[in-house]
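Heads up: the structure comes next, in structure tokens.
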Amino acid sequence: MAAALTTISLPSLQKIASGKVRDLFSLPDPNALLFVASDRLSAFDVVMTNGIPNKGAILTLMSAYWFRVLSERIPSLRTHFISLDVPAGIPAEEAGVVKNRSMQVRKLQVLKIEAIVRGYITGSAWKEYQARGTVHGIAMPQGMRLAEKFPSAIYTPSTKAEAGAHDENIHPDDAWKEIGDRETADKVEALALTIYKTAAAYAEERGIIIADTKFEFAKDAEGNIYLVDEVLTPDSSRFWRKDGYEVGKEPDSFDKQFVRNWLIKEGLKAKEGVTLPEDICVATGEKYKEAFYLLTGTKFEDAANN
Ligand code: ATP
Ligand code: MG
């Protein structure tokens, strides 16, 4: 198995932030930054000690693909995407590290909200519904079953917790308190729903159900709203195989559910310092690649060699 890249070392650039999966570096243009996806994998908000080979590149190329598709279908959409090009002038060794796993993006002030949209009931929404008949405090129809499609997609934001803390589900009517003002909050909600619906229809034609997803948005100095971060990847979304999908049955998924299930089975949920067995890493990588191929129609290896 190829080695996973869990630490991104770029001595010629200044690192400005490090998330669970990505590292952000400054670029000569003060309005841009280099957004680099490592092969790190987090589940239940904890990063595993080992990674999934090529995951960073799969997610970066998939996000770039979505930015293009979404911009074509939603002409008014602003995104942080600038280019997949390796920044000019960086040493060859560093160019080799970031090729395919980095994106030059607009540097923006990210809004303090996880803009989650759900098309199907599962995960924490399913748990809440079983306990109280609601999802993020919103009343839902009676008698829904696991993995059932909601009558229409719902916006279920959560807080964007500081590193180490857990995001908290909130009622959509309270999102403005995190964001700062009602007008921006309303725009974010409408945009998130539009993007989800557009993407879900696109993916469904290609055999993938996007059960739910998380977007991040940012604002520029003029108050324009941008779609930022990674978009519509198996890390930020639940992707299910459309073939064989059945209401009431645990769906066959392309995402981290596989890793989550293993962690639960082993009693390692949310434990620090977990090393995933090689077969779980390989299988997870294969699922991510299959999702990439179904969605884009191009094999990841071919896309990466371009
Ligand atoms: P966190 O960093 O909050 O723990 P995470 O683990 O999901 O979240 P990563 O995906 O590893 O983070 O890193 C991406 C980080 O970059 C996120 O904090 C995200 O909000 C931020 N980000 C995304 N797009 C931009 C942008 N255009 N400008 C500035 N920051 C951005
Ligand atoms: Mg992230």
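The values are calculated or read from the model by the stated rules, or taken from the named source; none is laboratory data. All values reported here derive from a predicted model rather than from experimental measurement. All Cβ positions, even for glycine, are placed from backbone atoms using ideal geometry, and neighbour counts span all protein chains on display. Please note that ligands, DNA and RNA were not included when accessible areas were found on the heavy atoms of the full protein model with its side chains. Shrake-Rupley method; radii C 1.70, N 1.55, O 1.52, S 1.80 Å.
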Worksheet item: Kirkwood Rh over Cα pairs of the chain into Stokes-Einstein at 37 °C, 0.692 mPa s: D in µm²/s?
Response: 164 µm²/s
Worksheet item: In the range 1-107, what percent of the accessible surface is made up of carbon and sulfur (1.4 Å probe, ligands and nucleic acids excluded)?
Response: 52 percent
Discussion item. With a 10 Å cut-off between alpha carbons and a GNM built on the chain, which of A43, A131, A291 moves the most?
Written reply: A131
Worksheet item: How big is the charge dipole of the range 1-159 about its Cα centre, in debye rounded to the nearest 20, if each Lys and Arg gets +1 on its Cβ and each Asp and Glu gets -1 on its Cβ?
Response: 400 debye
Item to complete: Find, among the trypsin sites (Lys or Arg not before Pro) in the range 107-172, those assigned to loop by DSSP (not H, G, I, E, B) with at most 15 other beta-carbon atoms within 10 angstrom.
Response: K112, R145
Worksheet item: If you build a Gaussian network model of the chain, linking Cα atoms that sit under 10 Å apart, which residue out of Q104, Q130, Q142 swings the most?
Response: Q142
Item to complete: Answer with one residue from S71, F292, M144: the one whose Cα lies farthest towards the positive end of the charge dipole of the chain, charges on Cβ with Lys, Arg +1 and Asp, Glu -1.
Response: M144
Item to complete: Note down the net charge around K160, summing +1 for each Lys or Arg and -1 for each Asp or Glu among other residues with Cβ under 15 Å from its Cβ.
Response: -4
Worksheet entry | Too-long pairs where the Cα-Cα distance tops 30 Å, listed order kept, from K20/K197; K177/K249; K187/K287; K271/K299; K242/K265 | K177/K249; K187/K287; K271/K299
Worksheet item: Based on Cβ point charges of +1 for Lys and Arg and -1 for Asp and Glu, what charge dipole magnitude is obtained for the chain about its Cα centre, in debye rounded to the nearest 20?
Response: 280 debye
Worksheet item: Just the accessible area per residue of the chain, please: how many Å² with a 1.4 Å probe?
Response: 46 Å²
Worksheet, complete the sentence: The distance between the Cα centres of the range 161-178 and the range 113-153, in whole Å, is 17 Å
Item to complete: Please find, in a Gaussian network model of the chain (springs between Cα atoms separated by less than 10 Å), the residue of T79, T213, T275 whose mean-square fluctuation is greatest.
Response: T275
Response to the item:
Percent of all alpha-carbon pairs of the range 1-107 at distances over 15 Å, whole number, is 64 percent
Worksheet, complete the sentence: The answer for GluC sites (Glu not before Pro) in the range 110-160 that fall in a DSSP coil and have at most 13 neighbouring Cβ atoms within 10 Å is none
Item to complete: Please name which of V282, I154, A218 has its Cα lying farthest along the dipole of the range 152-296 towards the positive end, using unit charges on Cβ (Lys, Arg +1; Asp, Glu -1) and the Cα centre as origin.
Response: V282
Item to complete: Sum up the charges of everything whose Cβ sits under 11 Å from the Cβ of A270, counting Lys and Arg as +1 and Asp and Glu as -1, but leave A270 out.
Response: +1
Worksheet item: Using a probe of 1.4 angstrom, how much of the accessible area of the range 109-256 is carbon and sulfur, in percent?
Response: 46 percent
